[in-house]
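As structure tokens, the structure follows; a few thoughts come after it.
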Amino acid sequence: MIICGIDPGTRFTGFGVLEIGSASDRYINHGTLSPKGDDLSLRLKEIYLGLVQVFETYQPAEVAVETSFYAKNAQTALKLGQVRGVIFLAAAMADIPIFEYSPSEIKKAVCGYGQAEKEQVSNMVRTILHLAPDTIDSLDAGDALAACICHASSRKLKRLQR
């Protein structure tokens, strides 16, 4: 089964794609959508179109998204909510179910510590997926792959509990 993890952001939205279900998870690809300009509506459009392309290319069966965190700045939190809305719309239009995980759940699944820094998360993602040190080119893509790993672990745990 192919899954896609997404780390939402207005300037950088990371995505990661894994195949799960075999003996180990297999890395497929990752990337960062980097919309240009200051017009939020145009950035949201670019994120939407970029995700539509990712979903068409990789045909994920499920999407794992990092939930909103509590931002100190209300404007930042609102903009992040709008990005999440675009992510949900793109997935819904492709009939892909979404699973949400908090930043601390994702960090705990990957690093064993819910307060890990972004660099620690990317390093552990590289280790878990057996990737070369310079493979992951952005922390946002690393977080998206971490969301995939978290979701894969969650699915395996639920299957064992049955």
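The values are calculated or read from the model by the stated rules, or taken from the named source; none is laboratory data. This is a predicted model, so every value here is computed, not measured. Neighbour counts run over all protein chains shown; Cβ positions are idealised from the backbone, glycine included.
At a glance:
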{"item": "Evaluation of Gly114 against (1) free of Cβ contacts under 8 Å to residues at least 40 places away in the same chain; (2) surrounded by fewer than 13 Cβ atoms within 10 Å (Cβ to Cβ) (one fails), failing number", "result": "(2)"}
{"item": "Selection from the range 35-63 of residues that are among the small types (Gly, Ala, Ser) and in contact with a Lys or Arg (Cβ under 7 Å, 6 or more places away or on another chain)", "result": "Gly37"}
{"item": "Residues being of a type in the set (A, V, I, L, M, F, W, C), more than 23 Å from Leu145 (Cβ to Cβ) and in contact (Cβ under 8 Å) with a residue 40 or more places away in the chain - total across the range 48-95", "result": "1"}
{"item": "Residue ID - nearest to Ala64 (Cα to Cα), chosen from residues in the range 15-28 that are out of contact with any His (no Cβ under 7 Å at 6 or more places or on another chain) and among the small types (Gly, Ala, Ser)", "result": "Gly21"}
{"item": "Evaluation of Val86 against (1) at pLDDT below 95; (2) touching a helix residue (DSSP H, G or I) at 6+ places or on another chain (Cβ under 6 Å) (one fails), failing number", "result": "(1)"}
{"item": "So Gly21, is it touching a helix residue (DSSP H, G or I) at 6+ places or on another chain (Cβ under 9 Å), under 21 Å from Ser153 (Cβ atoms), at pLDDT below 95 and small (Gly, Ala, Ser)", "result": "yes"}
{"item": "Test: residue in the range 144-160 that is in contact with an Asp or Glu (Cβ under 7 Å, 6 or more places away or on another chain), surrounded by 12 or more Cβ atoms within 10 Å (Cβ to Cβ) and over 21 Å from Tyr58 (Cα atoms)", "result": "no"}
{"item": "Which numbered condition His30 fails, given (1) of a type outside the set (A, V, I, L, M, F, W, C); (2) modelled with pLDDT of 95 or more; (3) out of contact with any Gly (no Cβ under 6 Å at 6 or more places or on another chain)", "result": "(3)"}
{"item": "Candidate set from the range 44-100 (those that are basic (Lys, Arg) and surrounded by 12 or more Cβ atoms within 10 Å (Cβ to Cβ)); member that is farthest from Ser154 (Cα to Cα)", "result": "Lys45"}
{"item": "Those residues of the range 23-51 which are within 18 Å of Arg84 (Cβ to Cβ) and touching a Cys at 6+ places or on another chain (Cβ under 9 Å), in sequence order", "result": "Leu51"}
{"item": "Pairs where the first residue, in the range 1-29, is farther than 12 Å from Val54 by Cα and free of Cβ contacts under 8 Å to residues at least 24 places away in the same chain and the second is of a type in the set (A, V, I, L, M) and in a strand (DSSP E or B), C-beta under 7 Å, 6+ apart", "result": "Glu19/Ile2; Glu19/Ile28; Arg26/Leu18"}
{"item": "Where Ile98 falls short, out of the listed (1) farther than 14 Å from Ile149 by Cβ; (2) in contact with a Leu (Cβ under 9 Å, 6 or more places away or on another chain); (3) in contact (Cβ under 8 Å) with a residue 12 or more places away in the chain; (4) of a type outside the set (Gly, Ala, Ser)", "result": "(2)"}
{"item": "Yes/no for Val121 being under 16 Å from the mean Cα position of the chain (by Cα), among the hydrophobic types (A, V, I, L, M, F, W, C) and farther than 17 Å from Cys4 by Cβ", "result": "yes"}
